[in-house]
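Here the structure comes first, spelled out in structure tokens, and everything after it is commentary.
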Amino acid sequence: MPVGISPVGIIVLVVFGIFVIGGLVYYGMRDEDDRDPIQARLAEYGDRELPSSLEEIELSLPFQERVLKPLFKKLIDLVTRFTPERQLAETRHQLELAGNPNNMDAATFLGMRIGATLALGVLAFLVFVVMTKQQNGILFVLGGAALGYFFPLLWLKGKISRRQDTIVKALPDALDLLTICVEAGLGFDSAMGRVYEKWDNDLALEFGRVLQEISLGKLRREALRDMAARLDVPDVTTFVAAIVQAEQLGVSMARILRVQSDQMRVKRRQRAQEKAQQAPVKMMIPMVLLIFPSIWIVLLGPSVIILLETGISF
């Protein structure tokens, strides 16, 4: 390894490259939905003189519009052309489970994975092969490419897990509100509308989407089943199955909601007790690796220093 580059410098370069690449990908994919780009361009040209040529018009566009977005769109088209339809459908389902973050479609997400793979692979090649000339540089290049390929997938898995946890926590309270509304005389659709109006979370948004689909002509049981498929939460699937069965058999909706509400509260209590019992086991790792060594250093450090000063060797 050359003397001019230390391992700390390599780590700093790698971290800096990851942040730069992530920022460029985010900046290239970002859509400013709060403003109309056509109106913004018209307002911009209204404040200055007309351009004299097409080249001036192109150069007046920001770097994002001129370079990043066209390159990213070409990469998306290339990925879509060579990606099997089954993988696109699976990626689309995963994005639905995550709540469609940033209104991202399957082709965009796959393009982001390919772009991150190439970027981190090239960065690892420059750092470990060109600059430091490592003997196992090809392994670092493959590791950087694998990190770029799997990191967006891990990010998406984290989004799905957090969203499902939020829905599981909000479901018992939502069932309580549905039960109160139905027992007060409202219909089930009106009760879902109240949940959608009162709350602002993922479950309430899904209820709002169900109401929109029903208003467009879809059957209620089909809309509820589609919601259960989009969420992929066992508690929601059980709730939807009970509602559909009650609708088909003519059972009282208020009674079914009351039973479901009681069951969800019991499950929430059981989850809390389970996490409380798992806490000591989870605390063992930081205690053994972090807390206990610090305690030993504090307790035995002065004794070791005294023994060393007296000339006793270990």
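The values are calculated or read from the model by the stated rules, or taken from the named source; none is laboratory data. All values reported here derive from a predicted model rather than from experimental measurement. Here the Cβ positions follow ideal geometry from the backbone for every residue, glycine too, while neighbour counts run over all protein chains shown.
At-a-glance table
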item: Any chance ARG221 is surrounded by fewer than 19 Cβ atoms within 10 Å (Cβ to Cβ), among the charged types (D, E, K, R) and farther than 24 Å from ARG268 by Cβ; result: yes
item: Number of positions in the stretch 141-166 that are among the β-branched types (Val, Ile, Thr) and surrounded by fewer than 20 Cβ atoms within 10 Å (Cβ to Cβ); result: 2
item: Any hit, the stretch 247-254, residues being in contact (Cβ under 8 Å) with a residue 40 or more places away in the chain and closer than 23 Å to ILE180 by Cβ; result: yes
item: One residue from ASP173, ASP200, ASP165 being out of contact with any Lys or Arg (no Cβ under 8 Å at 6 or more places or on another chain), acidic (Asp, Glu) and modelled with pLDDT under 90; result: ASP200
item: Some residue of the stretch 305-314 being surrounded by 11 or more Cβ atoms within 10 Å (Cβ to Cβ) and part of a helix (DSSP H, G or I); result: yes
item: Some residue of the stretch 103-116 being in a loop (DSSP other than H, G, I, E, B) and either out of contact with any helix residue (DSSP H, G or I) (no Cβ under 9 Å at 6 or more places or on another chain) or assigned by TED's automatic domain parsing to the domain that holds LEU71 (or both); result: yes
item: Restricting the stretch 75-120 to residues that are among the basic types (Lys, Arg) and free of Cβ contacts under 8 Å to residues at least 24 places away in the same chain, the residue that is surrounded by the most Cβ atoms within 10 Å (Cβ to Cβ); result: ARG92
item: The lone exception for ALA204 - which of (1) without any contact (Cβ under 8 Å) to a residue 24 or more places away in the chain; (2) touching a helix residue (DSSP H, G or I) at 6+ places or on another chain (Cβ under 6 Å) it fails; result: (1)
